[in-house]
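Some notes on the structure that comes next.
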Amino acid sequence: MSAPRQLDLPADARAARFRTPGLVLAVVCVAQFMVVLDISIVNVALPDMQRELHMSQNALGWVLNAYTLTFAGFLLLGGRAADLWGRRRLFLIGVALFSLTSLLGGLAQTGGELIGARGLQGLGGAVLSPATLTILTTTFTDPKARTRALGLWSAVAGAGGATGVIAGGVLTDLLSWRWILFINVPIGLAVLAAARLTIVESRGEGERPTLDWGGALTITAGLVALVYGIVETDTHAWTSGFTLGFLAVGVVLLAAFLAIESRHPHPLVPLRLFGSRALTGANLIMVGIGSVMFTLLFLLSQYLQDVHGYSPLRTGFAFLPMPIALIIGTQLSSRLVARLGVRTLLTIGPLVSATGLLLLSRLDATSGYLHLGLPGALTTFGVGICFVPITLAATNGVDRRDAGLASGVINTTRQIGGSLGLAALLTVATDRAHALASSGAAVAQTGGYTRAFVVSVFVLVAAAVVAALVLPRPPRAEAEPVLGTAPMAEPLAVTD
């Protein structure tokens with residue numbers, strides 16, 4: 001008798017043919033690639049967005065900040081929700097929301113509409129990203145298979161960051177900036193269709209945690225108020241009632257967040273974690289690294305296109321050495337961390353990046369590409385050196401059961417630092433550009449950028465000092481690097 005045809009099989013049997021670990025891995029990797037791609041792909045298109053939607057320099061910063069603030073504020077909550085309501089369900093919701101808001105962003109006719117869509121897109125990413133990781137860890141139960149799967153997941157996430165700068169240039173140059181958002185729609189639809197066939201529903205075992213909505217809302221609203229108050233100093237003095245009012249609201253909301261975390265039975269961020277010097281120091285360092293990285297890509301994109309007249313495509317290729325240098329730094333540090341130790345690498349890495357930024361601070365309106373490309377690559381190389389040891393510092397400094405949560409906190413901190421740093425450094429650049437306005441647009445803009453790079457040098461030197469003075473001296477035998485610390489990757493939210 002011949003074997004039954006596929007159409008003769010029961011529906012459950014036909015569905016089971018698609019539920020292989022390899023296909024699950026492919027689906028979640030593509031989803032994570034889409035989320036990571038959307039960070040780096042936007043930077044190259046910012047000048048085109050600014051011109052078409054008539055956005056100010058400060059408003060343009062919100063295209064990034066709206067995404068990162070909602071992403072950071074709801075990331076840990078998204079991980080908890082996936083455990084509580086089902087990982088497959090939250091994965092599908094996250095993909096659908098991310099794709100829909102990408103479409104809305106691509107259709108935006110004003111800067112406000114674009115910023116609103118980006119904020120909702122960050123919420124979609126916060127739901128989607130942690131679900132991809134938990135689906136992987138529950139699908140691959142064998143330790144060796146799980147290690148290989150997480151390694152591939154991390155590599156794909158890193159490739160998303162490196163690919164974004166090129167893809168952003170190609171799409172913006174050949175089509176328009178809107179296609180950097182539209183491209184998520186067909187990818188998202190394909191992922192939704194594949195996920196429904198391949199992923200099996202699962203939920204967290206043991207105690208059923210309640211969701212800390214109050215914590216997520218207060219930290220997000222508090223950060224938005226702080227960033228808005230800082231950004232608007234371009235038009236309102238630091239001592240004005242407007243600025244002080246928003247800063248005060250931000251501080252009050254962040255204080256409310258701390259109060260909620262101290263009382264909630266299942267807080268997003270258990271405050272006991274920060275009893276660890278290693279975790280506290282790692283988060284302080286990450287704030288500096290995040291602020292510099294976000295600002296570097298933002299300002300260099302403006303410099304190349306507005307001052308030197310680069311096309312988006314040429315700008316994308318001009319950025320390419322930077323993520324490559326970051327990947328090299330990450331791989332090098334993973335091999336050196338056991339020999340040199342976490343504290344040594346976290347002192348060296350920021351100082352290497354500070355050297356690159358010091359060289360960038362010497363740019364003028366006529367500087368050639370080598371004066372930008374090599375210092376930019378040196379800066380990201382130093383950042384790459386920090387990625388593995390900073391995660392080790394955060395996770396080795398806490399109880400084993402809190403390692404996943406600590407990893408999620410450190411990556412959330414990177415997004416928060418990026419938003420706050422971009423707001424502050426963009427204000428520095430704008431103030432300096434206004435002071436040089438009589439020298440011509442190109443000279444004024446370049447002067448603003450270089451002043452922001454000078455301030456960034458001090459930020460990273462401070463990070464190196466924190467590493468040397470705050471981090472405890474660890475034993476030589478370090479734990480193996482934590483997987484999921486891919487360069488340019490979106491933060492992971494692993495629930496405890």
Hz values of 3J(HN,Hα) by residue in the stretch 112-123 - Karplus curve (6.51, -1.76, 1.60), Gly and Pro given as x: x, 5, 5, 5, x, 5, 5, x, 5, 5, x, 5
Karplus (6.51, -1.76, 1.60) ³J(HN,Hα), θ = phi - 60°, over the stretch 335-351, in Hz, Gly and Pro reported as x: 8, 9, 4, 5, 7, 8, x, 5, 4, 5, 5, 7, 8, 5, x, x, 5
Rg/Rg_ref, the stretch 190-321, where Rg_ref = 2.2 N^0.38 Å and atoms are Cα: 1.51
Ranked by how many other beta carbons lie within 10 Å on average, peptides 172-179, 113-120 from highest: 113-120, 172-179
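All of the numbers you see were taken from the coordinates with simple rules; none came from a lab. Model, not experiment: these values are computed from the prediction. Note that we place each Cβ from the backbone using ideal geometry, even for glycine, and neighbour counts take in every protein chain shown.
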